[in-house]
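The values are calculated or read from the model by the stated rules, or taken from the named source; none is laboratory data. Everything numeric in this text was worked out from a predicted model, so none of it was measured. Please note: Cβ atoms are built from the backbone with ideal geometry, for glycine as well, and neighbour counts cover all protein chains shown. Remember, those area values only see protein heavy atoms, side chains included, never the ligands or the DNA or RNA. Shrake-Rupley method; radii C 1.70, N 1.55, O 1.52, S 1.80 Å.
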Amino acid sequence: MYEVIFQFEDGQQVKISAQEGANLLELARSANVAIDAPCSGNGSCGKCRVKLVSGTVNAMPTSHISDEDLADGWRLACGSTVCGDVTVLVPDIASAYQSRMKTADLSSGEEIAIFEKLMADVTAAGVDFSNEFTTVELQMDAPSLDDTMPDNERITWALEAALGVEHVEIPFDCMLHLAHRLREDHFHVFASGLRKGNTFRLMDVHAKEMPMCAVAIDIGTTTVSAVLMDLKTGKLLAKASSGNGQIRYGADVINRIIEQGKPGGRAKLQKAIVDETLNPILKALCRSAGVAKERILRMCVASNTTMNHLLLGVEADWVRMEPYIPSFFRWQGLKAADLRLYAHGDADVVLSPNIGSYVGGDITAGALASLLWDKDEFTLFIDLGTNGELVFGNRDFMMSCACSAGPAFEGGDISCGMRATDGAIEAITIDKDTMEPTLSIVGEPGQKVVGLCGSGIIDLISELYRCGIISAKGQFVREGQRVRRDEHGTGRYVLAFENESATGREISLNEVDIDSFIRAKGAIFSAIDTMLSSLDMDVSVLEHVLVAGGIGSGINMKNAVNIGMLPDIPLEKFAYIGNSSLAGAYAMALSTHAEEKTYELAANMTYLELSTNPGYMDNFVAACFIPHTNGSLFPSSHQEV
């Protein structure tokens, strides 16, 4: 056995024993060391770079590591195996996705304002924000030799009298502490629970009235966001977010489905989301609000179909295999204790219902918050993330579909790509004459460039095309200081030279990267085009385009239209609506009516499976140009000459 030490930039270390031939990335995963690996370790993304501090490893040759970097000790963790004692440096950027990712998590005043407007609009549309949780004060006679009624009957009789119910349920978790609580407080207590018709389910007993709380959670493929709120007033008490711990098993749902199908895979993926992601978030929420976990009496989760399966530890293989049948669309009766969540063990965990294999509860929750179902005008709702999910319709009908945009919007498949963490370029303009860029970078003032995130990629490709630096095929057609070519003639645009970047390496976008992104944006537009065509419509019918999701917050809509990703309609018809999935989950957690309305939306939404649609591939191929092979679809998109 050999000793493998993972060393971090802050000086901390994680040590693990390993056999000869053990894969370095798999060892990191088993030791809970966060190393970003969007391709799940197949060697295609080049993001899992580590640096040898001492010792050596057997490393597969890769184009992602230059000869200079190789000599300097850099290796890909996924392509390296143990052959002796070794210490490797895990660079800070490799784990930044887990704690410093920029997300649509209500962390800014702008996001909160968007969230509050969505909730006000949902209320105005007739959704009743009320629930059946209640707290009642009870004064009971203490038992004596003359009054030997057991504790459960004593509190049952008191609750029936106080609430006028016919039945009282006392869950096991509550029964465990009942005797102590009653005697500690001299049989004068406040009882909290849920009333359903003539039945009251007791959940907690306290000496004084305590807040009853609920948590809404949006589990994205890349990021997870949550809010804690008061069940009776709806007031936001705390908010938190982090990267999804499953990221190290792949950036997209397909890679994670493959991973969960391996021996022990389901347990690993479930542990990554429950123990490493959700429970730390829930603990942070409770700590921030100053409430005990037992006060979380209800939870609502909005996530895509695959994330739902991985959260529950349910086999997900059939989600990706024709005829694409998931284990469930809707699952009720789930409790926090079933998933070992940091909350009251008997708290209901409500899952926003799925619609299809690739349109899940995050979209039904988002559709609720978008109010598409309450509009007369035709509206397109787009949730942009690792996958692109769409809903089109109005109050009369709704159709949904999903397209695999791949990891490009999150920086995957892009040589300088990264998620929206410190050092990511999030916005760009280019001077047409000098070809010099002006960059907006995530992080503190003075932060140096590390790479390029999704919104920055959209801006850069739009600007390169506008300035005539690249052609409609994404090939470089102008030369200059910022445009360089390798020994094979492949062009690239330099965003930061070696002395300007945080990594000491050149940060540039090449023609292969542009081709990858063109396919990603083509998937989005062709999905829109195919869905509308299936209804004998085109983009001219659209009155509203509502863009949601973390990537949507940073998108320059004009640039997204310019490259042919979004339809060429008046820009005033576009609106960013924030994290609509989290907003919908919030509504469902607080409102019985909102929960029922979401089930109704899911049941009445038509699901279009693009992979089996005969016209989708033709539309996709046509969309893989800037902006499109059919120029009449994008009359406002042009190059400056």
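If the condition is being assigned to a loop (DSSP other than H, G, I, E, B) and without any contact (Cβ under 8 Å) to a residue 24 or more places away in the chain, then segment 323-340 contributes PRO323, SER327, TRP331, GLN332, GLY333, LEU334.
Rundown of residues vs (1) assigned to a helix (DSSP H, G or I); (2) on the phi < 0 side of the Ramachandran plot; (3) touching a Gly at 6+ places or on another chain (Cβ under 8 Å), yes/no style:
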| site | (1), (2), (3) |
| --- | --- |
| PRO263 | no, yes, no |
| GLU276 | yes, yes, yes |
| LYS283 | yes, yes, no |
| MET307 | yes, yes, yes |
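Screening segment 435-444 for residues that are without any contact (Cβ under 8 Å) to a residue 40 or more places away in the chain and open to solvent by 60 Å² or more (accessible area, probe 1.4 Å) and picking the one that is farthest from SER462 (Cα to Cα) gives GLU444. Restricting segment 69-127 to residues that are among the hydrophobic types (A, V, I, L, M, F, W, C), closer than 30 Å to GLU595 by Cβ and open to solvent by 50 Å² or more (accessible area, probe 1.4 Å), the residue that is modelled with the lowest pLDDT is ALA113. Listed conditions (1) farther than 23 Å from GLY366 by Cα; (2) touching a helix residue (DSSP H, G or I) at 6+ places or on another chain (Cβ under 7 Å) are all met by VAL253, apart from (1). Here LEU297 meets each of (1) at pLDDT 95 or above; (2) outside any helix (DSSP H, G or I); (3) within 22 Å of GLU609 (Cα to Cα); (4) not acidic (Asp, Glu) with one exception, condition (3). Of the residues contained in segment 258-267, none is found to be open to solvent by 10 Å² or more (accessible area, probe 1.4 Å) and among the polar types (S, T, N, Q).
Taking the options MET557, MET565, MET617, name whichever one is aliphatic (A, V, I, L, M) and touching a Lys or Arg at 6+ places or on another chain (Cβ under 6 Å). When all the criteria are applied, what remains is MET565. Filtered by the rule that a residue be out of contact with any helix residue (DSSP H, G or I) (no Cβ under 9 Å at 6 or more places or on another chain) and open to solvent by 20 Å² or more (accessible area, probe 1.4 Å), segment 290-307 gives a lone residue, GLY290.
Take GLY564 and tell me if it is in contact (Cβ under 8 Å) with a residue 60 or more places away in the chain, surrounded by 20 or more Cβ atoms within 10 Å (Cβ to Cβ), touching a Pro at 6+ places or on another chain (Cβ under 7 Å) and assigned to a loop (DSSP other than H, G, I, E, B).
Numbers: in contact (Cβ under 8 Å) with a residue 60 or more places away in the chain: yes; surrounded by 20 or more Cβ atoms within 10 Å (Cβ to Cβ): yes; touching a Pro at 6+ places or on another chain (Cβ under 7 Å): yes; assigned to a loop (DSSP other than H, G, I, E, B): yes.
Taking the combined requirement at face value, the residue satisfies it.
In segment 134-156, the residues that are farther than 14 Å from ARG181 by Cα form Cβ pairs under 8 Å with partners that are open to solvent by less than 30 Å² (accessible area, probe 1.4 Å) and assigned to a loop (DSSP other than H, G, I, E, B), at six or more places apart or across chains, as follows: THR135/MET212; ASP141/PHE187. Taking the conditions (1) at pLDDT 95 or above; (2) buried (at least 17 other Cβ atoms within 10 Å of the Cβ) in turn, GLU572 satisfies each one other than (2). Return yes or no: is LEU532 touching a strand residue (DSSP E or B) at 6+ places or on another chain (Cβ under 6 Å) and either assigned to a loop (DSSP other than H, G, I, E, B) or not polar (S, T, N, Q) (or both)? Answer is no for this residue.
Could you please find all residues in segment 578-592 being in a loop (DSSP other than H, G, I, E, B) and crowded, with 24+ Cβ neighbours inside 10 Å? Write out each step before concluding.
The initial filter retains those residues of segment 578-592 that are in a loop (DSSP other than H, G, I, E, B), namely 578-579, 591.
Once the filter is applied, which keeps residues that are in a loop (DSSP other than H, G, I, E, B) and crowded, with 24+ Cβ neighbours inside 10 Å, segment 578-592 yields GLY578, ASN579.
Selection of first residues in segment 569-588 that are in contact (Cβ under 8 Å) with a residue 40 or more places away in the chain and over 21 Å from GLY554 (Cβ atoms) and of second residues that are part of a helix (DSSP H, G or I) and of a type in the set (D, E, K, R), restricted to Cβ pairs under 7 Å at least 6 apart or on distinct chains, gives the following pairs, ordered by first then second residue: MET588/GLU595.
Under the condition of being under 25 Å from the mean Cα position of the chain (by Cα) and either farther than 21 Å from THR421 by Cα or part of a strand (DSSP E or B) (or both), the residues counted in segment 45-76 number 1. Kindly indicate whether any position in segment 382-396 is hydroxyl-bearing (Ser, Thr, Tyr) and not in a loop (DSSP other than H, G, I, E, B). Among the residues of segment 382-396, not one is hydroxyl-bearing (Ser, Thr, Tyr) and not in a loop (DSSP other than H, G, I, E, B), which makes the answer no.
Being within 30 Å of CYS45 (Cα to Cα) and either under 24 Å from the mean Cα position of the chain (by Cα) or open to solvent by less than 20 Å² (accessible area, probe 1.4 Å) (or both) holds for only one residue in ALA216, ALA191, ALA240, and it is ALA240. Determine whether segment 404-426 contains at least one residue that is out of contact with any Asp or Glu (no Cβ under 7 Å at 6 or more places or on another chain), open to solvent by less than 60 Å² (accessible area, probe 1.4 Å), at pLDDT 95 or above and in a helix (DSSP H, G or I). Taking every residue of segment 404-426 in turn, none turns out to be out of contact with any Asp or Glu (no Cβ under 7 Å at 6 or more places or on another chain), open to solvent by less than 60 Å² (accessible area, probe 1.4 Å), at pLDDT 95 or above and in a helix (DSSP H, G or I).
Comparison of LEU310, LEU334, LEU285, LEU278 shows that the only residue that is over 29 Å from SER357 (Cβ atoms) and open to solvent by less than 20 Å² (accessible area, probe 1.4 Å) is LEU285.
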